[in-house]
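Asks: Got a structure for you, written out below as structure tokens; questions coming shortly.
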Amino acid sequence: MFKGENTITGECVALKKINIASFTEGVPSTAMREIAILTEIEDKNVVELKEVVLTDTLFFLVQEFCNMDLRAFLQMQGEVELLSAATIKSLMY
């Protein structure tokens, strides 16, 4: 993942690079599945897929930028403090 900026809006975005040059059978099925799922889901707990950019050898998934991932969020909570039921419920899909 890379951090990027939309040059038109100035919005901060996350860029996920998928190299398709090394795959002889085309686009990996896992990448296609990820794109399909992210296109369908609209939920506050799932990053928004804004755009898919394709070059000859690369895919870039342009996604909503998050300051931290789930692991960092849980580490920030600390080992002693348990997450509330409401927080756990909001993180579950």
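Asks: Within the stretch 7-30, work out how many residues are within 23 Å of residue 91 (Cα to Cα) and open to solvent by less than 40 Å² (accessible area, probe 1.4 Å).
Replies: The number of residues fulfilling the criteria is 2.
Asks: Then there is this: Scan the stretch 60-78 for residues that are touching a residue at least 40 places away in the same chain (Cβ under 8 Å) and either open to solvent by 100 Å² or more (accessible area, probe 1.4 Å) or farther than 14 Å from residue 44 by Cα (or both) and jot them down.
Replies: 60, 61, 62
Asks: Moving to a separate point now. Scanning the stretch 40-59 for residues that are modelled with pLDDT of 85 or more and open to solvent by 90 Å² or more (accessible area, probe 1.4 Å), which turns out nearest to residue 4 (Cα to Cα)?
Replies: The residue in question is 51.
Asks: Separate question: Residue check: is residue 2 within 16 Å of the chain's Cα centre (by Cα), at negative phi, of a type in the set (A, V, I, L, M, F, W, C) and surrounded by fewer than 10 Cβ atoms within 10 Å (Cβ to Cβ)?
Replies: yes
The values are calculated or read from the model by the stated rules, or taken from the named source; none is laboratory data. Just so we're clear, the structure is a prediction, and the values are computed from it rather than from any experiment. Note that each Cβ is placed from the backbone with ideal geometry, even for glycine, and that neighbours are counted across all protein chains shown. Calculation scope for accessible area: heavy atoms of the full protein, side chains included, ligands and nucleic acids excluded. Shrake-Rupley method; radii C 1.70, N 1.55, O 1.52, S 1.80 Å.
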